[in-house]
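Following: one structure in C-alpha cells, then a few remarks.
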Amino acid sequence: MDKSQGRTGVSGGEAALAPVVTKSGHRALDQNEPLIFEQGVPGRIGVDVAPAPKVASKLGAFARKAEVGLPCLSEPQVVRHFTRLSQKNYGIDSGLFPLGSCTMKHNPRLNEKMARLPGFADIHPLQPVKTVQGALELIDRLAHWLKALTGMPAVAMSPAAGAHGELCGMVAIWSAIAAKGETATRKRVLVPESAHGTNPATAALLGFHVDPIPAAADGRVDLAAFEKKLGPDVAAIMLTNPNTCGLFERDIRKIADLIHKAGGYFYCDGANYNAIAGRVRPADLGVDAMHINLHKTFSTPHGGGGPGSGPVVLSDLLAPYAPLPYVVHGKDGFRLVETKEGDAKPFGRLKAFNGQMGMFVRALAYMLSHGADGIRQASEDAVLNANYVQARLKDVMTPAFGGTCMHEALFDDTFLEGTGVSTLDFAKAMIDEGYHPMTMYFPLVVHGAMLVEPTESESKESLDTFIDTLRHLAGETKKPGAADFFHAAPRLAPRRRLDETRAARAPVLRWKPPAATKQAAE
Amino acid sequence: MRYLPHTENDRRQMLAAIGVPSVDALFADVPEAARLKDVVAGLSNTMTELEVEREMAAMAGKNRPAGSMASFVGCGAYRHHVPASVDYIIQRGEFLTSYTPYQPEIAQGTLQYLFEFQTQVALLTGMEVANASMYDAATACVEAVMMANRVTRRGKAILSGALHPHYRETVETHGRFSGFAVDALAPSPEGLKGLAEKIDATTSCVVVQYPNVFGRLEDFSALAAACQKAGALLICAVPEIVSMGAVTPPGEMGADIVVGEGQSIGNGLNFGGPYVGLFAAKEKYVRQMPGRLCGETVDAEGRRGWVLTLSTREQHIRREKATSNICTNSGLCALAFTVHLSLLGERGLKELAALNHAHAALLAEKLGKVKGVSLMTDAFFNEFAIRLPKDAAGVVDALVDKGVLAGVPGGRLWPGNADMANVLIVAATETNTTADMDRFAAALAEVI
C-alpha cells in the first residue's frame, strides 16, 4: 500500500522515512545514550574532593561496609550524557506546546537569574530571622500581589504545588467545619465530572465523600443538578473556573451563593487562573479558597514535572486557619510565625520549612516584569490566541461546544468519525510535525477530547503555522489508508510509540547490574 | 512588553478572524459585576529587565547568605558545594521548560534521568525500588505513613522523639484531618527509646530518623524486627542523604520504607525550597506507593525506552481512589540530584561523605573543649548536638554579630520546651574551613 499520500516535500515517500541503520546506533543529533550505570570505570571522578583531615572517626558501628554501586565518570562524560538526554526532550523553548490545562508559557531567564542571587539561593531556612529580612519581605510582597490580583484578604504561601494547595484550601474548609462542630455531618464534596483528578483525590484524602455533578450540554455545571444535590451534609464544591472545557462558568455567582446558603464552602481550583488574572478577581465571584499554580499563571518552569508552588488565597472566614509558618510585619521588621499565636487557629504544618522560596522569587520577578497592566494584557492575549485557534480550525475539526472560549480551545473527535484515526493517533502525528501534542482525553466529559492551550507566548505567525499544520492533518485523516499512516506515528521522534502495557505488567523500575538481572531471570 | 509578541495590528487581525469587535467580547460570560474595568490598583506597572534586577537585588541584599559567614546550620537542609555543571545542565531549556513526560516519544530525556534517579535512590538507601520524587522529606514522611496505613489496614503511627519536628508536625497535621492516630514521643537524642513498647495491634508504622535530628546514629534493626512481628512497618527518614556514602544504609537494618531529603545533593539551600523528597520501599509494596514511577519498556521498533508506569495508582486515572493526590513533584531538583551524584560516583560520594564526617568530628573536638559545653551525641555523621549553659537562641543571635551562623537552637524547633532550650544542633560540611571552626569555637567561648 502506498502510504505516502499527502506527504508533500518528502521525495521517495515511505522509503525515505524508513529507519536508517547506523553502526553506532546514533542518528545524527539523536544519540543512542546508555544509562549512566552502563558507563564509567571504577576510580574515575567528576568532582575533586579535598583530602579529609585526620581525626578519630565518630561513626561508631555504623561505618558503611557494602559498596553503594554507583558508576564512576569524569566531568566531561557526565556533561555529555545529560546533554544528549536533553536532546531527546521537547520543551517550551523548542516549540509551541499547546498542552491544555498545563499552561506552557514562556519561562523568562531573568527569573532564573534572580532565583540564583546568593541573597535568595544561599540562605538557610533556619537562619536567625534577623539575617533573612529580605527573604521575608519578598514573601510578603508576593503575597501582596496575589491578594491584590485576586481581591482576597489572605494567602497561605507554603503549599509546594497545585495539588498541595488544594489540600491546604480543603483543610482550611475542613477546619472551619470542625470549628462549627459539623465534621460528622458535612461529609459530601461536590465535584464536577470535568474536574482535574486531583480534586476528588484531595477530597477523599480528607475523608469526604465525592459526589460528581454532571455537565450541562453547554459544557458548564448543570445548575439544576447542582441545586438538587445541595443539603445540610454538603461541605463544599470544588469548581475550576474557567473550567476544564475552557469555558467561564456563567452561573458562578449563583453557585457561590447557593453553596453558602447551604452552609458549605466554595473551593475554586485556580489551575486556569491565567485566563482571568488582572481582569477578574476571584473574590468578586464568591470564592472562599483558591490555589494559584505559580508554575502556570506566573511562569515558573515546569521542569519536567516540578517543582511547582501552590499558594492558596483565603476568604476572611478561612483566613484564621491558614497553616504555619507565615510572615507578619511588625515594628521590628518581618517575623516568621512558626507556632500558634494570637487569635489565629492554624491547622498545622503542611511541609518542612517556609515554602517554595525559589519559585517565589521567579514568580515575583515575572509579576514585576509584567506589572499589573502586563498581567491583564497577558490574560487577554491568552484568550485571544485560543479563540483564534478555535475560529480557524472549527470548519475542519469539531469544537466541543459552541461560542467563544477562554484560554483554551476544546475539540471532540467527531471530525475523526469513520476515519479509523483516534485522538491519540492524531496527537502522535503532531509530534512528527514538530509539535508537542495537546492534552488528550481530558476533560472526561467530552468524547476523545483535545484541549489546545496556545498561551499568550505565541506570535500570530507561530499560531498560523500551527493551525495550517492541524488543518493539513485533519484533511489527511479523510484520505484512504489514513488509519495506518496515523497509527504508525510518530516516525521521526527519538522513539516510536512505547509499549506501556509491557511496562506495567512486569515493572522494571530501576537498573540492576547484569549479574543480578541474570540471576533474577533464572 | 517583551514577553508578549502581539502588535496592535496582530490583535486587530485576529479579532477580525474570530468575528468579534473587541477582546471584551471574549469575556462576555463573566458576570458584569465581576469584570474589572481597569488595571488592578495598588500594583506597579511593567518594568524593564534592569529595573526588575534592581528591585530584586535590593531585597536579596537585606539577607545574609550562609556563604558570607561561617555557617553550621543543618537540621534537614545542608550547605554543600554544587558543581557548576549541575546548574548548567538543569538550565538547558529542554529540561527546564519541559512538562511531566506524558508523551514518552519526545520525553525520553526526562524519563531516562528519572529511571537513573530511582536507581540511585534505591542504591543509596539500600532499598529495592524508589519513586520519581516527592515535594520534600516531610511530605514524603506523611505519604509513607499513609502508605503504611493502606498496607496494614491500620491507623496509628508511632513517631520517634528524635524525628525532625517539622516532619512530626506535618504527620500530625495530616493525621488530624485524615483521621489516623499519631503517637509522638517527647524530644530526646535517644530516639529509639520507648518505641517498641508502644507497638500494639492497631499500629501501622513506627517512624524513626537516621541520622536523627540530634545527629545521632542509631541501630533500629531490633525495632524493625519488632515491627515485623507485630505486622507494622518500619519507616526511616533520612534528612541528610550524603550520609549514605559513609554509613550503613537503612535498608540493611530492615526498613520497609525509607524517605529522605535529597536537597543535599545538587540543590542549594533556597531558604527551604524547592527541595526533593526521596521515597524508597520494598518491592512488594510498589503498587501502594505514591507518586510517579518511571519504568523500562520497548518502542514499536523494539528499542529500549522509558515510560511513566503503574499510573492506575495515581489521581489523574484513579481520582478519589488514588494512593495520593500528588501530581507535580520535584522533577528538576531530581535532575540536579542525578547529575551531581553522577559526577560524584562511588568514589566521589565516599570521599565527600568522609570529608563531611571528618569536619564534623573535628568541630566536635573543638567545641567540646569550650568551657561549659557538653557533647550530647556519641555516634554521628556530619551533625551533632551540644548542651550550652544557657538559652541557645540567645547564643545563636549573639554569634551572628561575630560572623557565625552557629546552628539551630532547640527553642526554634521545640518552642516552649524548657528541656530543649539550651540545646544547639550543629552541622559541618565540606564547605567549612578549619578557620571557620576555630572562629566558631572562639566566638562561642566569648558568648557563653
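The values are calculated or read from the model by the stated rules, or taken from the named source; none is laboratory data. Given the structure is predicted, the values throughout are model-derived calculations rather than measurements. Cβ atoms come from the backbone with ideal geometry, glycine included; neighbour counts cover every protein chain shown.
Residue-by-condition table, conditions (1) crowded, with 22+ Cβ neighbours inside 10 Å; (2) at pLDDT 95 or above; (3) in a helix (DSSP H, G or I):
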site	(1), (2), (3)
B:G372	no, yes, no
B:I386	yes, yes, no
B:G394	no, yes, yes
B:D397	no, yes, yes
Could you tell me whether the range B:314-323 includes any residue that is in contact with a strand residue (DSSP E or B) (Cβ under 9 Å, 6 or more places away or on another chain) and modelled with pLDDT of 95 or more? no
Per the filter on the range A:144-200, residues among the aliphatic types (A, V, I, L, M) and over 29 Å from A:V337 (Cα atoms) are A:A184, A:V189, A:L190, A:V191, A:A195
Checked pairs for the range A:54-83, first at positive phi, second buried (at least 19 other Cβ atoms within 10 Å of the Cβ), C-beta under 7 Å and 6 or more apart or across chains, list as A:G60/B:L217; A:G60/B:A379; A:G69/B:L123
Note: among B:G260, B:G266, B:G245, B:G251, just one is surrounded by fewer than 24 Cβ atoms within 10 Å (Cβ to Cβ), within 21 Å of B:H357 (Cβ to Cβ), touching a residue at least 60 places away in the same chain (Cβ under 8 Å) and not polar (S, T, N, Q), namely B:G251
Could you say whether any residue in the range A:151-168 is part of a helix (DSSP H, G or I), of a type in the set (A, V, I, L, M, F, W, C), out of contact with any helix residue (DSSP H, G or I) (no Cβ under 6 Å at 6 or more places or on another chain) and closer than 28 Å to A:C102 by Cα?
yes
Going through the range B:18-34 in order, the residues found to be in contact with a strand residue (DSSP E or B) (Cβ under 8 Å, 6 or more places away or on another chain) and outside any helix (DSSP H, G or I) are B:V30
Residues in the range B:56-88 that are assigned to a loop (DSSP other than H, G, I, E, B) and either in contact with a strand residue (DSSP E or B) (Cβ under 7 Å, 6 or more places away or on another chain) or surrounded by fewer than 17 Cβ atoms within 10 Å (Cβ to Cβ) (or both) total 10
Within the range A:173-209, residues within 8 Å of chain B (Cβ to nearest Cβ) and either outside any helix (DSSP H, G or I) or on the phi > 0 side of the Ramachandran plot (or both) come out as A:H196, A:G197, A:L206, A:G207
Out of curiosity, is B:C236 within 14 Å of chain A (Cβ to nearest Cβ), on the phi < 0 side of the Ramachandran plot and touching a residue at least 24 places away in the same chain (Cβ under 8 Å)?
-> yes
Subset of the range A:330-356, residues in a strand (DSSP E or B) and at pLDDT 95 or above, comes to A:G333, A:F334, A:R335, A:L336, A:V337, A:R349
In the set B:A230, B:A237, B:A226, the lone residue that is buried (at least 24 other Cβ atoms within 10 Å of the Cβ) and either closer than 25 Å to B:A157 by Cα or assigned by TED's automatic domain parsing to the domain that holds B:A427 (or both) is B:A237
Checking B:A201, B:A132 in turn, the sole residue that is in a loop (DSSP other than H, G, I, E, B), out of contact with any Phe, Trp or Tyr (no Cβ under 6 Å at 6 or more places or on another chain) and crowded, with 24+ Cβ neighbours inside 10 Å turns out to be B:A132
- Item | Condition met for B:V39 (surrounded by fewer than 21 Cβ atoms within 10 Å (Cβ to Cβ), among the β-branched types (V, I, T) and more than 30 Å from A:A50 (Cβ to Cβ)) | yes
Checked A:V361, A:V383, A:V313, A:V327 against criteria (closer than 30 Å to A:L126 by Cα, in a helix (DSSP H, G or I) and β-branched (V, I, T)); the one match is A:V361
Hey, any hits in the range B:425-445 for a residue that's in a strand (DSSP E or B), more than 11 Å from chain A (Cβ to nearest Cβ) and either touching a Cys at 6+ places or on another chain (Cβ under 8 Å) or closer than 30 Å to A:S57 by Cβ (or both)? yes
| query | Does A:F37 fit the bill of being over 11 Å from B:L343 (Cα atoms), at pLDDT 95 or above, over 39 Å from the mean Cα position of the chain (by Cα) and not acidic (D, E)? | reply | no
Checked against (1) touching a residue at least 40 places away in the same chain (Cβ under 8 Å); (2) surrounded by 24 or more Cβ atoms within 10 Å (Cβ to Cβ), A:A283 satisfies every condition except (2)
Sole miss for B:K193 among (1) crowded, with 19+ Cβ neighbours inside 10 Å; (2) assigned to a loop (DSSP other than H, G, I, E, B); (3) more than 10 Å from every other protein chain (Cβ to nearest Cβ) is condition (1)
Considering the range A:116-134, residues that are assigned to a helix (DSSP H, G or I) and at the interface with chain B (Cβ under 8 Å from one of its Cβ atoms), and then whichever is surrounded by the most Cβ atoms within 10 Å (Cβ to Cβ), we arrive at A:F120
